[in-house]
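Asker: Please see the structure below; I have some questions.
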Amino acid sequence: MIVLGIETTCDETAAAVVERTPDGRGRMLSNVVLSQVNEHAAFGGVVPEIAARAHVEALDLIIAKAMLDAGLAFEEIDGVAAAAGPGLIGGVIVGLTTAKAIALVQDKPLVAINHLEAHALTARLTDGIAFPYCLFLASGGHTQILAIRGVGDYVRLGTTMDDAIGEAFDKTAKLLGLGYPGGPQVEREAARGNPHRFALPRPMQHRKDADFSLSGLKTALRIEAEQIAPLSDQDVADLCASFQQAVVDVVRDRLRAGLRIFKEQYGAPTALVAAGGVAANQAIRAVLQQVAFDTGTVLVAPPLELCTDNGAMIAWAGAERLALGLSDSLDVAPRARWPLDAIAAGKARPKTAAWK
Ligand code: KG4
Ligand code: ZN
């Protein structure tokens, strides 16, 4: 089964073609990602209107390139999948409407994919792992620990009460005058800083639940920075290192709690899976590895380009759903909000009128 996938929920315009064999193996035939990072850099974050317009301008070409790279014509694919949310609604509408047009003209099934579901299933494309596994999803918009029990069977074990981890990295970078996106900049500065210089809080530590809270950490960092301003280069590096160390400690503690809950409810997971842009951070990867080892499981971290937003994960999620006979009607609605645990494999998606 061959599926075209389209991703436009944030600041990447992406399309890919993926094949799923009847025994459930995945193969990427193409994967084209155009980052809008330069368009948004001057604003220190993603501007929804600019993002939607950039998707409109680029998407046709990105899809054409994905088809060309795969060496396929539209007649040769078995379905079209698009991220139908959650995300910035302007971009979501662009991608989903384009997918609907292709599905209609080519008479192919349409699959409306939850963007988080696509992140959740990527490890099956890259590593072929079996259910159930524990997913740590950490991006600019989401920080969640989930039990992935089957296609369409997702249970949220923990989430953030306020900021996402990537968002906290981005805000820290902005506060310290570093560029956007902030995560990689903070990581680079942290590498030459002293993680013990500032005593920052570890919010939610030792709680039984697996939830996160990062806004207090961000505020504590701002107060420390204001107290010693103007900041020297070394101050910036030390603040970044202390911040990153606090996040690492929080991730260790919260993931242990999440894995404990997982084991109590569903038995041992087949793996701990990392997803989302934050998994690019080497210190965070190291702590994930350590937690997996300590709790007797293995870490599966898909390659970086598949951890961040891409079309292959959408195409793959589409293929997994199509393989179960699941597709959507052409009036399926784009959704700005769409919690992952609201999905059930066989449940119909809301129609257009319900998209607010
Ligand atoms: O998954 P992603 O590409 O996009 C979505 O948010 O959906 O994640 C982007 C987020 C940004 O907040 C970015 O700062 C963060 O991931 N990020 C990092 C690193 N690279 C990207 N955070 C910490 N360290 C990094 N090396
Ligand atoms: Zn994402």
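The values are calculated or read from the model by the stated rules, or taken from the named source; none is laboratory data. Predicted model only: the values in this text are computed from it and were never measured. Cβ placement follows ideal geometry from the backbone for every residue including glycine, while neighbour counts extend to all protein chains displayed. In case anyone asks, the SASA skips ligands and DNA or RNA and just uses the protein heavy atoms, side chains included. Shrake-Rupley method; radii C 1.70, N 1.55, O 1.52, S 1.80 Å.
Asker: Taking 0.36 nm per residue of sequence separation and subtracting the Cα-Cα distance, how much length would be gained by fully extending the chain between Ile228 and Asp249, in nm to one decimal?
Answerer: 5.1 nm
Asker: Compute the Kirkwood hydrodynamic radius of segment 124-166, taking the inverse of the mean of 1/r over all pairs of distinct Cα atoms, and give it in Å to one decimal.
Answerer: After inverting the mean inverse Cα-Cα distance, the result is 11.2 Å.
Asker: What whole number of Å gives the distance from the Cα centroid of segment 69-130 to the Cα centroid of segment 4-65?
Answerer: With segment 4-65 and segment 69-130 each reduced to a Cα centre, they are spaced 10 Å.
Asker: Something else about it: Hey, how many Å between the Cα centroid of segment 199-233 and the Cα centroid of segment 266-327?
Answerer: Value for the Cα centre distance between the two parts: 27 Å.
Asker: Still on this model: If you average over every viewing direction, what projected area does the convex hull of the Cα atoms of segment 148-252 give, in nm²? Present the calculation step by step, with values, prior to reporting the outcome.
Answerer: Numbers: hull surface 30.1 nm².
For segment 148-252, the mean projected area of the Cα convex hull comes to 7.5 nm².
Asker: In the structure shown, do any of Lys65/Lys171; Lys65/Lys174; Lys174/Lys218; Lys65/Lys108 have a Cα-Cα gap over 23 Å, and if so which?
Answerer: Too far apart for the 23 Å limit: Lys65/Lys171; Lys65/Lys174.
Asker: Over segment 1-155, with every protein chain in place, what whole percent of the accessible area is carbon and sulfur at 1.4 Å, could you tell me?
Answerer: Carbon and sulfur atoms account for 56 percent of the accessible area of segment 1-155.
Asker: Could you order Met204, Met28 so the one with the most accessible surface comes first? Probe is 1.4 Å.
Answerer: Ranked list, largest accessible area first: Met28, Met204.
Asker: Here is a further query. Mind listing the long-range amide H neighbours of Thr159? Cut-off is under 5 Å, sequence gap 5 or more, other chains count too, H placed in the peptide plane at 1.01 Å from N.
Answerer: Here Ile145, Asp211, Phe212 satisfy the definition.
Asker: To continue, here is another question. For the chain, report the translational diffusion coefficient in µm²/s to the nearest whole number, using Stokes-Einstein at 20 °C, 1.002 mPa s, and a Kirkwood Rh over Cα pairs. If you can, show how the numbers build up before the last one.
Answerer: On the way: Rh = 20.6 Å.
Rounded, D is 104 µm²/s.
Asker: Let me ask something else. Which whole-Hz couplings ³J(HN,Hα) result when phi for each residue of segment 101-112 is put into the Karplus expression 6.51 cos²θ - 1.76 cosθ + 1.60, θ = phi - 60°, listed in order with x for Gly and Pro?
Answerer: Calculated HN-Hα couplings, in order: 4, 5, 4, 5, 5, 8, 6, 10, x, 9, 10, 8 Hz.
Asker: To the nearest µm²/s, what D does Stokes-Einstein give for segment 11-126 at 37 °C and 0.692 mPa s, using the Kirkwood radius over alpha carbon pairs as Rh? Don't skip to the answer; put the middle values down first.
Answerer: Details: Rh = 15.0 Å.
This corresponds to a translational diffusion coefficient of 219 µm²/s.
Asker: Debye calculation, C-alpha points only, no solvent: report log10 I(q)/I(0) for segment 281-330 at q = 0.15, 0.30, 0.32 Å⁻¹, in the same order as the q values.
Answerer: Scattering profile of segment 281-330, log10 relative to I(0): -0.62, -1.06, -1.11.
Asker: Can I ask one more? What ratio of Cα Rg to 2.2 N^0.38 Å holds for segment 200-324?
Answerer: Normalised Rg, Cα atoms only: 1.29.
Asker: Taking only DSSP H segments of four or more residues, each worth -39500 (n - 2.57), what value at 222 nm results for the chain once the sum is divided by all its residues, to the nearest 500 deg cm²/dmol?
Answerer: For the chain, the value works out to -14500 deg cm²/dmol.
Asker: What full-extension length gain, to one decimal in nm, is calculated for Met161 and Glu39 as 0.36 nm per residue of separation minus the Cα-Cα distance?
Answerer: 40.9 nm
Asker: How high is the FRET efficiency from Leu330 to Asp60, r the C-beta distance, R0 22 Å, rounded to 0.05?
Answerer: For Leu330 and Asp60, the calculated efficiency is 0.70.
Asker: Collect residues whose amide H, placed 1.01 Å from N in the peptide plane, falls under 5 Å from the amide H of Asn114; neighbours closer than 5 in sequence don't count.
Answerer: The list, which skips near neighbours in sequence, is Ala84.
Asker: Is there a quick way to get the dipole size of the chain? I mean about its Cα centre, with the Cβ of Lys and Arg at +1 and of Asp and Glu at -1; what is the value in debye to the nearest 20?
Answerer: Roughly 900 debye, rounded to the nearest 20.
Asker: List the residues whose amide H sits under 5 Å from the amide H of Arg335, counting only those 5 or more places along or on another chain, with H placed 1.01 Å from N in the peptide plane.
Answerer: HN-HN under 5 Å from Arg335: Gly85.
Asker: I've got another one for you. Tell me the per residue accessible area of the chain using a 1.4 Å probe; a whole number in Å² is fine.
Answerer: Per residue, the chain has an accessible area of 41 Å².
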